[in-house]
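Each reported figure results from applying straightforward, stated rules to the coordinates on display, with no laboratory input. Remember, it's a predicted structure, so these values are computed and weren't measured experimentally. With ideal geometry, Cβ positions are generated from the backbone for all residues, glycine too; neighbour counts draw on all protein chains shown.
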Amino acid sequence: MRNNGKPLVTVTVPMYNNERFIGETIQSILSQTYTNFELLVYDDNSTDASFDIVRSFSDPRLRVFRNSRNLGPEGNWNKAVSDVRGRYVKLICGDDVLGPECLERQVEIFESRAGTGVSLVCSQRTIIDPEGKPLIKKVNLIEGGRHDAVGVTRKLIRMGTNILGEPVCGLYPSALLSRTSGYSARVPYTIDLEFWMQLLGLGDLYMISEPLCSFRISDESWSSRIGDMRYHQFLEFMEQTASEKKFQVTDLDLFIGKINCAVHSMTSTVGFKLFAGPSQESDSHVFGR
């Protein structure tokens, strides 16, 4: 089905120095079972071969842009969603991977009765190492099916971690973009999660229980700093979210969440040091997503 002659889905990839993984990312998108999409890649003036690697792909659905100067993650992510033609949008970092049925399954939800009033469709994800080897085959922090924004938000705060998933996990209606303030790096570590919360202020979440995408752990230099950065910035995000009355977060939710956040930060530090291999610094890894 087409949207006034336009592709139904826009897949957009903001990238910076992703030469090691970008080819695999692009191939996973172009190999989707669902084909009615456009693929936009925004190179943030990379200093490696990322731009040339993407240009080597020949597919009429693919368009590649290069910034004349480096805009940074916030600027490039917002540029990546500034000119979408699809009814639905998926933003993917330049090192993550889509499973072949990801778009098909997520579009199916939005185009069915189940999608009425839903502002975000996510799927579970697999955690992979720099070589693409699964480290955790399924991250299951929230059950499959429909969830109201209040319930999801309170659970997220109590758990002190991202239960919704990284950008690769989500698909959302492009019509909602104008009702958000876009991607904000005010709290850098949660640039993606803060945007998910804006969307959940506009509708419900639908979670697909199967892992339809993969989130890659890499960047050794960044991983050495992830624990301290994650803890303080996630705390700031939780307090910011709790201050919004529409989510009905209680003091007890926040108290429990701060304890769990500290635990997750320690385990994340150990995990990244064990499994993250060396790679070029990229937008996604600077923020840790």
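Pull out a ≥ b ≥ c, the square roots of the eigenvalues of the alpha-carbon gyration tensor of region 6-111, then state rounded if a/c is under 1.5, prolate if not and a/b is larger than b/c, and oblate in the remaining case. Each step should come with its number before you reach the end.
On the way: a/c = 1.96, a/b = 1.49, b/c = 1.32.
Prolate, because a/c is 1.5 or more and a/b exceeds b/c.
Looking only at region 9-221, where both bridge partners belong to it, what percent of the DSSP beta bridges are antiparallel (to the nearest 5)?
Values: 12 of 38 bridges.
Around 30 percent antiparallel, to the nearest 5.
Roughly how many whole Å is it from the C-alpha centroid of region 86-139 to that of region 16-60?
17
Under 1.5 on a/c is rounded, so check that first for region 33-179, then, if it is not, pick prolate when a/b is larger than b/c and oblate when it is not; a ≥ b ≥ c are the square roots of the alpha carbon gyration tensor eigenvalues. Walk me through the numbers on the way to the answer.
Numbers: a/c = 1.63, a/b = 1.43, b/c = 1.14.
The shape class here is prolate.
Leaving out same-chain residues fewer than 8 places away, which lysines sit with a Cα under 22 Å from that of K6?
Those lysines meeting the cut-off are K79, K90.
Can you return the lysines within cross-link range of K246? Criterion is Cα-Cα under 25 Å, with same-chain partners fewer than 8 residues away left out.
K155, K258
Provide the FRET efficiency to the nearest 0.05 for the N260-S82 pair, computing r from the beta carbons and using R0 = 35 Å. Walk me through the numbers on the way to the answer.
Numbers: r = 36 Å, r/R0 = 1.03.
With a Förster radius of 35 Å, E is 0.45.
Report the net charge of residues surrounding R146, where surrounding means a beta-carbon distance below 13 angstrom and charges are Lys +1, Arg +1, Asp -1, Glu -1.
Numbers: positive: R113; negative: E143, D148, D204.
Residues close to R146 contribute a combined charge of -2.
Over the alpha-carbon set of the chain, work out the extent along each principal axis and list the three values in angstrom, largest first.
Cα spread of the chain along its principal axes, largest to smallest: 53, 45, 34 Å.
Given 0.36 nm per residue, what is the gain on full extension from N70 to E143 after removing their alpha carbon distance, in nm? Show your work: numbers first, answer last.
Values: separation 73, 0.36 × 73 = 26.28 nm, distance 3.92 nm.
Extra length available between N70 and E143 comes to 22.4 nm.
Ranking request for peptides 43-49, 255-261, 130-136: highest mean number of other beta-carbon atoms within 10 Å first, then the rest in descending order.
Numbers: 43-49: 19.0, 255-261: 16.6, 130-136: 12.6.
My ranking of the peptides, most packed first, is 43-49, 255-261, 130-136.
Along the charge dipole of the chain, pointing to its positive end and built from +1/-1 on Cβ of Lys, Arg, Asp and Glu, which listed residue (G132, V107, F37) has its Cα farthest out?
V107
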